[in-house]
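Comments concern the structure below.
What follows draws every value from the coordinates through simple rules; no lab data is involved. None of the values given here were measured: they were computed from a predicted structure. Cβ sites come from the backbone with ideal geometry, for glycine too, and all protein chains shown count toward neighbours.
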């Protein structure tokens with residue numbers, strides 16, 4: 001059985017598209033911990049400046065990345081000199097959410113497509129569920145009583161799927177007219 005050249009090209013580009021999408025989801029999972037932990041440090045420094053002191057921080061736990069174990073990602077940041085504050089605790093999720101809100105807004109201004117805000121929604125769900133409700137980035141420094149880890153895992157999966165779906169929508173919209181007609 002012979003495959004038509006046009007169909008073979010479509011299959012090839014569909015495969016490239018899937019690899020591209022996997023790369024961006026992986027990149028998202030790789031850089032988000034750095035943004036998050038950086039947010040703790042930034043908000044902690046500003047909190048110290050508001051109180052007239054200089055705060056120092058240390059990343060105390062590095063873990064192997066789940067997909068490529070040779071890459072280490074930061075897992076926990078702690079203040080060196082003091083006990084921290086609510087600004088420090090909420091700084092990671094707040095900074096990450098603000099970064100992705102800014103990226104979504106920038107993309108919206110360039111394209112005038114409101115679907116870019118799905119990217120913001122994805123990171124919002126990811127941070128609120130995984131770090132504030134079921135994590136330690138909150139006012140009690142532990143999972144809140146409303147935390148359900150099965151629901152948290154489902155929300156994390158939905159957030160990653162939403163992130164991947166947003167990127168696949170825009171990539172296919174941008175290049176799809178050329179290859180999938």
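In this simple spin-label approximation, residue 149 and residue 51 carry label points 7 Å from Cα along the Cα→Cβ vector, and these lie 3.2 nm apart. Against the chain, whose longest principal axis is taken from its Cα atoms, helix 5-50 shows a tilt of about 10°.
Convex hull over the alpha-carbon atoms of the stretch 1-88: what's its volume per residue in Å³? The partial results should precede the final answer.
Numbers: hull volume 10.6 nm³, N = 88.
Enclosed volume per residue, from the Cα hull, is 120 Å³.
Between residue 6 and residue 164, the C-beta separation translates, for a Förster distance of 45 Å, into a calculated FRET efficiency of about 0.95. Based on the convex hull around the alpha carbon atoms, the stretch 92-166 presents an average projected area of 4.8 nm².
Pull out the extension gain between residue 68 and residue 156, defined as 0.36 nm times the separation in residues minus the alpha carbon to alpha carbon distance; nm, one decimal. Can you show the working numbers first?
Numbers: separation 88, 0.36 × 88 = 31.68 nm, distance 1.93 nm.
My answer for the length gained is 29.7 nm.
Extension gain for the segment residue 83 to residue 22, taken as residue separation times 0.36 nm less the Cα-Cα distance, is 18.0 nm to one decimal. Seen against the Cα atoms of the chain and their longest principal axis, helix 117-127 is set at about 50 degrees. The value obtained for the chain, namely the Cα convex hull volume divided by the number of residues, is 148 Å³ per residue. The angle between the Cα long axis of helix 86-111 and the longest principal axis of the Cα atoms of the chain comes to about 30 degrees, rounded to the nearest 10.
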